[in-house]
Amino acid sequence: MMNDGTYNTELGGTGNQTASGSQTNWERNRSIDGTLHSPNDNQKQAFQQQPTFQQNAFLAQNMARATECPFCGAHLDMDADFCETCHRYVRTDICSFCGTPLAEGEAYCPECGNPRGGVVCPVCHTINEFSFCKQCGTPVTEEAKVLVQSLKETPEYREMLAISEDLQDLDKCLPYNTEADRKLESYNEQLRSRLFELLKNDGDKAEKLDDRKQQRMSAEELAKRKAECIEKLTALLDNFAITATPSPAVARNYAMASKPQGVRLAWLCNYKHALHSGPCGCAKPQLGGKWIILGKGNMDQIKDDNLQHG
């Protein structure tokens with residue numbers, strides 16, 4: 001934790017080992033006794049010509065016995081549902097949006113109705129396998145929108161949004177550094193007050209003119225106000241921290257819904273104590289985690305900035 005209340009840490013390695021790029025999905029899946037299948041060309045072709053849901057079912061059966069990603073071959077814990085190496089959702093027997101079990105051949109979740117292949121974000125047009133866009137954070141399912149709206153009605157969330165807005169306004173503030181700057185700002189404030197008096201009979205214009213949060217101040221005062229906002233926001237973010245829960249989908253959805261917009265945040269996971277751009281980049285969000293405020297110069301510590309894949 002830095003002096004200004006923002007977070008800074010050195011990240012260790014993930015321990016993931018990526019398999020050779022020449023291997024196919026078929027070759028990476030092992031039989032019950034641990035030996036590698038050696039299908040002939042006809043078998044490979046038959047597998048590749050199967051419908052997608054049948055291929056997914058095949059991969060799911062092998063994932064239940066393996067600790068490798070079926071897409072890239074990276075090491076996975078048995079209870080991980082997401083590969084942090086290739087950024088793919090690996091469970092085909094569990095709905096990635098709500099956590100409901102899926103039967104073989106089901107193209108849509110019987111509980112939430114979302115498709116296996118993901119949904120397109122209406123804002124940035126990214127294809128997403130989770131309820132919130134991994135690129136811009138927009139809720140992409142009806143359940144996610146309802147969750148966000150329910151949180152917005154709580155006093156804690158409203159307070160968090162208000163502090164986030166104050167912090168954004170302070171980030172836009174240009175501090176004065178000399179006595180001449182201070183005198184000029186004082187003169188401008190006097191002119192503004194005079195203009196407000198002249199327009200006081202015009203309620204709409206006067207109200208808009210008076211609604212100005214961005215005021216110049218000294219660098220010391222600006223730093224003090226920012227530190228106060230960061231301290232308050234950090235405490236509120238800690239209150240929204242997620243403890244261990246059985247469902248990765250529930251953990252991801254709640255974490256994304258509780259994220260305030262407009263502030264530089266990262267998700268600190270309990271799985272590897274690594275920084276992610278969000279819980280959508282964590283293999284085991286069900287272990288919990290929390291949002292932390294980023295300081296200057298540590299954006300490169302986020303291990304999954306680019307979550308899009310081909």
Out of residues 5 or more away from residue 270 or on other chains, whose amide H comes under 5 Å of its own, with H placed 1.01 Å from N in the peptide plane?
288, 289
For the pairs 134/232; 145/272; 172/224; 134/284, flag any whose C-alpha to C-alpha distance is greater than 21 Å.
134/232; 145/272
Rounded to the nearest 0.05, what FRET efficiency do residue 145 and residue 195 give with R0 = 35 Å and r taken as the Cβ-Cβ distance? Could you check?
0.25
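I'd like the FRET efficiency for residue 153 and residue 247, computed as 1/(1 + (r/R0)^6) with the beta carbon distance as r and R0 of 22 Å, rounded to 0.05.
Once the sixth-power term is evaluated, E becomes 0.40.
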Assign one of three labels to region 67-207, namely rounded, prolate or oblate, based on the Cα gyration tensor with a ≥ b ≥ c the square roots of its eigenvalues; rounded applies when a/c is under 1.5, prolate when it is not and a/b is larger than b/c, and oblate otherwise.
prolate
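Sort 116, 158 from largest to smallest accessible area, using a 1.4 Å probe on the heavy atoms of the protein chains. The partial results should precede the final answer.
Values: 116 60, 158 120 Å².
From most exposed to least exposed: 158, 116.
The values are calculated or read from the model by the stated rules, or taken from the named source; none is laboratory data. Please read these numbers as outputs of a predicted model, since none were measured by experiment. Every residue, glycine among them, receives a Cβ derived from its backbone with ideal geometry; neighbour counts consider all protein chains shown. Heads up: the accessible areas ignore ligands, DNA and RNA and are worked out on the full protein's heavy atoms, side chains in. Shrake-Rupley method; radii C 1.70, N 1.55, O 1.52, S 1.80 Å.
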